[in-house]
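To keep things clear, I will list the structure first and then write my remarks on it.
The values are calculated or read from the model by the stated rules, or taken from the named source; none is laboratory data. For clarity, every value in this text was computed on a predicted model and none was experimentally measured. Backbone-built Cβ (ideal geometry, glycine too); neighbour counts: all protein chains shown.
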Amino acid sequence: MRRIIVCIKQVPETDKIGIKQEKGTLIRENIENIMNPYDKNALEEALIIKDKFDAEVIVITMGPPQAVDVLKEAISMGADEGVLINDEAFSGSDTLATSKVLAAAINKIADYSIIFCGQKAIDGGTAQVGPQIAELLNLPQVTNVKDIKIKGNKLEIVKATEDGAYLLETETPILLTTTTEINNPRSPTMMGINKAYGENGNKRISILSGKDLNINPKEVGLEGSPTNIYDFCMSKKSKTSEMIEGNKAKEKASILINKLSELNYI
Amino acid sequence: MKKSKVDIKEYSDVWVIGELIDGNISPVTLQLINVGKKLANKLNKNTIVVIVGYGEKDRVTKLLNYGVDKVLYIEHKILRNFNVMGYTEAIYKLIEERKPEIVLFGATSMARDIAPRLAAKLDTGLTSDCIKLDIDERDGKLLRTKQGLGGNLITTTICPRNRPQMSTLIPNIYRPANYNEKIFGQVEIINPEILCEDYKVKFIKKIPLEDKKVNLADAKIIVSGGRGLGEPSGFKLIRQLADTLGGIVGASRAAVEAGWIDSRHQVGKTGTIVRPDLYIACGISGAFQHQSGIYDSKCIIAINKDPYAPIFKICDFGIVGDLYEVIPALIEEINKKQQRYFDNFP
Ligand SMILES: Cc1cc2nc3c(=O)[nH]c(=O)nc-3n(C[C@H](O)[C@H](O)[C@H](O)COP(=O)(O)OP(=O)(O)OC[C@H]3O[C@@H](n4cnc5c(N)ncnc54)[C@H](O)[C@@H]3O)c2cc1C
Ligand SMILES: Cc1cc2nc3c(=O)[nH]c(=O)nc-3n(C[C@H](O)[C@H](O)[C@H](O)COP(=O)(O)OP(=O)(O)OC[C@H]3O[C@@H](n4cnc5c(N)ncnc54)[C@H](O)[C@@H]3O)c2cc1C
């Protein structure tokens with residue numbers, strides 16, 4: 001295991017997210033941004049391998065300048081370096097355009113053994129980016145990984161599916177996406193915080209633009225994305241909740257069970 | 001891999017990528033055929049089912065009984081078991097050759113692995129996990145509707161310039177296509193040239209689900225416990241209610257983080273998104289991240305001692321009270337009902 005690359009997305013937290021009317025892209029201003037929670041499992045797995053095999057862990061993110069925050073957070077948890085991929089031209093990218101940019105950056109970083117992605121992002125949440133990066137790099141992939149054992153230059157992987165798990169054997173280089181079952185992500189350490197936010201913190205971060213990656217701006221962003229948002233609406237269910245009234249728990253329970261039985265739920 | 005301008009007029013027909021499970025046609029394939037036929041009718045095009053596999057011709061032929069115009073059966077030894085690279089390449093080659101306008105998958109493990117790769121290889125758009133598919137009557141484009149942002153948003157996407165238009169559909173939303181004795185289509189067998197095998201990912205064995213009870217995504221009845229249980233042993237009571245109803249146990253993240261229950265039980269935005277008939281939330285406040293995982297439940301019941309808990313705003317029935325009193329009372333009432341049912345049995 002030489003080098004492990006972890007793809008991390010910065011995502012908006014809270015339910016205040018909206019969509020820009022004219023363009024159909026997300027409004028992200030004035031909303032607190034966090035590291036995609038699923039990506040913490042991907043990072044943790046990379047760090048576990050780093051601890052055992054002394055691999056180098058590089059975290060990458062495509063996003064606006066403030067996305068550097070998730071790179072710093074990852075470094076404070078134990079990653080070695082961060083790469084921010086930022087260009088005006090990337091905004092409004094669908095999964096394919098996003099994957100093209102990330103694949104180009106991964107190609108530039110080169111020499112990797114494993115690329116990790118999270119299971120999905122909590123905002124877009126398509127779970128398409130991992131497999132699309134793998135396709136563009138012509139790499140094999142295993143998605144929804146819930147256990148990894150490294151045996152020499154072979155990996156033993158347990159993949160979760162709807163009807164049970166699969167034990168697979170693979171080699172590197174490979175792209176893996178993790179589940180939340182795989183591990184419990186660690187917290188930042190004091191040493192890590194120093195590394196990330198201390199005097200030399202910025203030296204661990206590099207920034208790549210579309211030009212650095214030789215990306216044709218017409219192939220990315222809103223214009224280069226095959227998928228466009230056509231329409232959207234908020235899906236607040238306007239439910240009328242019925243509160244069960246009664247004197248004692250027993251009475252309420254009896255009323256509820258009768259209602260559920262009338263409605264054929266039980 | 002960017003193609004020079006795509007001529008969208010060259011593309012026609014609606015393809016359904018079917019799946020066989022242990023040799024049988026999977027339920028979602030029949031649901032997709034139903035949807036595919038509706039779309040194809042609106043466009044005045046054919047509905048074609050594509051199956052990838054080996055040695056299944058008889059089973060594949062049965063698909064003709066569901067009113068499809070044609071079955072394309074891609075058959076090769078390498079494709080006997082599912083492998084990501086081989087399946088992707090086999091379907092990719094056929095799409096490049098035949099140029100379907102629309103390609104649909106079920107939102108299954110298989111599709112999650114190959115649909116995104118196919119879209120990247122074809123340089124086209126994909127919308128996964130749709131809850132509705134339709135045709136825009138003005139220009140014949142596929143409208144792909146799904147939930148976004150953890151259930152807060154319903155989004156419809158289009159793929160205006162690239163072809164095919166691809167989508168995966170969540171199972172059990174549409175009805176299956178009807179069975180018909182009369183058939184009019186035919187099966188065409190495609191024998192692809194040697195494909196790249198996924199030689200780097202070797203299948204060793206299948207590990208059956210250790211605990212079937214944690215298949216939250218498909219559960220019909222879920223009883224969940226939260227921090228309001230106060231202590232880990234509270235889940236004994238939750239399990240008792242779940243067992244009484246034949247349901248399975250869920251949990252809020254707070255309960256998981258407290259270490260009271262395994263994270264596989266977590267419901268919500270970062271746990272499992274569930275869609276049971278009956279969801280019973282006990283001692284759960286109803287944080288946005290929990291709510292967004294349960295919106296699609298047919299009936300939500302909340303038990304909480306705080307009358308102002310947000311969960312009461314999204315439930316169908318609410319009981320204000322101590323869960324340690326309400327749950328035992330519920331179990332007793334259910335047992336009584338079931339007893340009565342058996343008593344009335346002749
Ligand atoms: C409501 C909504 C609906 C959308 N529908 C579609 C659609 O149908 N089709 C479509 O193609 N696009 C769609 N998009 C756009 C899509 O969300 C963006 O392209 C997004 O940049 C990447 O996809 P994702 O969030 O779905 O990530 P996922 O594919 O869910 O992310 C999986 C993993 O990929 C990695 N990753 C993803 N993005 C980045 C990044 N920027 N930097 C580093 N790593 C990353 C992370 O490891 C992450 O865990 C939609 C967006 C929204 C908001
Ligand atoms: C990025 C992110 C992702 C998250 N993802 C998820 C997720 O996927 N799923 C999830 O659930 N949460 C998630 N959370 C956490 C979420 O924000 C809440 O913190 C969590 O859901 C609260 O759990 P709870 O309702 O059990 O606890 P609390 O909010 O503490 O609620 C406990 C409730 O129990 C009631 N209660 C107490 N005692 C009793 C009693 N004896 N009888 C009856 N009622 C009683 C109280 O009135 C209270 O309403 C996420 C948070 C973040 C930041």
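Observations on the structure shown:
- Taken residue by residue, segment A:232-245 has at least one member that is under 30 Å from residue B:119 (Cβ atoms) and touching a residue at least 40 places away in the same chain (Cβ under 8 Å).
- Hey, residue B:153 within 16 Å of ligand 2 (Cβ to nearest atom), at pLDDT below 95 and either more than 8 Å from chain A (Cβ to nearest Cβ) or out of contact with any Lys or Arg (no Cβ under 8 Å at 6 or more places or on another chain) (or both) or not: no
- Selection status of residue B:161, in contact (Cβ under 8 Å) with a residue 24 or more places away in the chain and within 17 Å of residue B:40 (Cβ to Cβ): no
- Test: residue in segment A:23-39 that is modelled with pLDDT of 95 or more, out of contact with any Asp or Glu (no Cβ under 6 Å at 6 or more places or on another chain) and more than 8 Å from ligand 1 (Cβ to nearest atom): no
- Considering segment B:245-267, and only residues there that are in contact with a helix residue (DSSP H, G or I) (Cβ under 7 Å, 6 or more places away or on another chain) and modelled with pLDDT under 90, the residue that is nearest to ligand 1 (Cβ to nearest atom) turns out to be B:263.
- Residue count for segment A:155-174, restricted to those that are more than 19 Å from residue A:138 (Cα to Cα) and not aliphatic (A, V, I, L, M): 7
- From the list B:237, B:241, B:216, B:229, the one residue that fits, being more than 26 Å from residue A:262 (Cα to Cα) and either within 16 Å of ligand 1 (Cβ to nearest atom) or more than 9 Å from every other protein chain (Cβ to nearest Cβ) (or both), is B:229.
- Residues located in segment A:63-90, provided they are in a helix (DSSP H, G or I), small (Gly, Ala, Ser) and farther than 26 Å from residue A:220 by Cα: A:74, A:76
- Residues satisfying the stated conditions in segment A:120-137, i.e. more than 6 Å from ligand 1 (Cβ to nearest atom), assigned to a loop (DSSP other than H, G, I, E, B) and either at the interface with chain B (Cβ under 8 Å from one of its Cβ atoms) or at pLDDT below 95 (or both): A:122
- Residue within segment A:151-172 that is out of contact with any strand residue (DSSP E or B) (no Cβ under 8 Å at 6 or more places or on another chain), outside any strand (DSSP E or B) and either of a type in the set (Phe, Trp, Tyr) or more than 8 Å from every other protein chain (Cβ to nearest Cβ) (or both) present: yes
- The residue that is surrounded by the fewest Cβ atoms within 10 Å (Cβ to Cβ), counting only those in segment B:258-275 that are more than 7 Å from ligand 2 (Cβ to nearest atom) and more than 10 Å from chain A (Cβ to nearest Cβ), is B:259.
- Residue check for residue A:179: closer than 28 Å to residue B:269 by Cα and either charged (D, E, K, R) or facing chain B (nearest Cβ under 9 Å) (or both): no
- Hits in segment B:141-187 - residues which are of a type in the set (A, V, I, L, M) and away from ligand 1 (no atom under 16 Å from the Cβ): B:173, B:177, B:183, B:187
- Considering only residues in segment B:120-140 that are away from ligand 1 (no atom under 12 Å from the Cβ) and crowded, with 18+ Cβ neighbours inside 10 Å, the one that is nearest to the other protein chains (Cβ to nearest Cβ) turns out to be B:121.
- Set B:298, B:313: member being under 16 Å from residue B:216 (Cβ atoms) and either at the interface with chain A (Cβ under 9 Å from one of its Cβ atoms) or more than 7 Å from ligand 2 (Cβ to nearest atom) (or both): B:298
- Test for residue A:225: is it within 10 Å of chain B (Cβ to nearest Cβ), out of contact with any Lys or Arg (no Cβ under 7 Å at 6 or more places or on another chain) and closer than 30 Å to residue A:79 by Cβ: yes
- Any hit, segment B:288-295, residues being over 22 Å from the mean Cα position of the chain (by Cα), in the same structural domain as residue B:338 (by TED's automatic domain parsing) and either within 12 Å of ligand 2 (Cβ to nearest atom) or surrounded by fewer than 23 Cβ atoms within 10 Å (Cβ to Cβ) (or both): yes
- Of all the residues in segment B:276-285, those that are buried (at least 22 other Cβ atoms within 10 Å of the Cβ) and either part of a loop (DSSP other than H, G, I, E, B) or within 7 Å of ligand 2 (Cβ to nearest atom) (or both) number 4.
- Taking segment B:74-110 as the range and being of a type in the set (D, E, K, R) and either under 29 Å from residue B:147 (Cβ atoms) or within 14 Å of chain A (Cβ to nearest Cβ) (or both) as the test, the residues that pass are B:89, B:101.
- Residue list for segment B:73-98, restricted to those being part of a helix (DSSP H, G or I) and of a type in the set (A, V, I, L, M, F, W, C): B:78, B:79, B:84, B:85, B:90, B:91, B:94, B:95
- Test result for residue B:316, closer than 21 Å to residue A:255 by Cα and more than 23 Å from the chain's Cα centre (by Cα): yes
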